[in-house]
1. Would you point out the residue of segment 121-146, among those that are of a type in the set (Asp, Glu) and over 17 Å from Leu163 (Cβ atoms), that is modelled with the lowest pLDDT?
2. Do the conditions hold for Asp166, that is, is it modelled with pLDDT of 95 or more, acidic (Asp, Glu) and in a strand (DSSP E or B)?
Amino acid sequence: MTPLLLLLCAGVFRTAALSHLRQFHITHEDLFWTAARNYCRNHYTDLITVYNQEEAEQLIELMRSNGSTMAWIGLNRKEHRQNLSNENLFDEAPLSPPTGEYTKPNCAPFLTRLLNDDWEWSDGGRSAYRNWSMDPRDDQPYVKLITPGSLIALGSENQGDSLCNDDLDEDRRGKKDLGTSSEPLQ
């Protein structure tokens, strides 16, 4: 019985040690996305990275309790290009069907979407959370979380509230070199 208890305790401590403690904040500054990112980096750690639907719902509750229906998060589009997960450029030509009277169905667009993700989180987070309310267009590089818990991509001319996180793990916070941009607040 003692070895089992010891094993269970080790699992609890391991889980606690691996957890990422964050505190969420909403700002009521009317900022463009880049200015919102700079604000969060200067006053907290960074814009929020959303890891799952449950977390999105918690953030929506925070927004609602503060009178907000949408706020910037850290998801943004890198330079739009076709690239593989290892960052090599993707050449779709070998997967395209041959020209002629009869061609088999082409799965290249589906594969391209699986291998290509031109979205990144400003804090470097590795979340795959993408609950789009509608498919983003190429001219919409920045993302807001909106009620009821989905994402909407917007252009650079939009302003609004921001969701920031404060990393409470001092080791992680101290090792992270976020830097700040020289762009002025807009």
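The values are calculated or read from the model by the stated rules, or taken from the named source; none is laboratory data. As the structure is a computational prediction, the values presented were derived from the model and not from experiment. Every residue, glycine among them, receives a Cβ derived from its backbone with ideal geometry; neighbour counts consider all protein chains shown.
1. Only one residue tops the list, namely Asp138.
2. no
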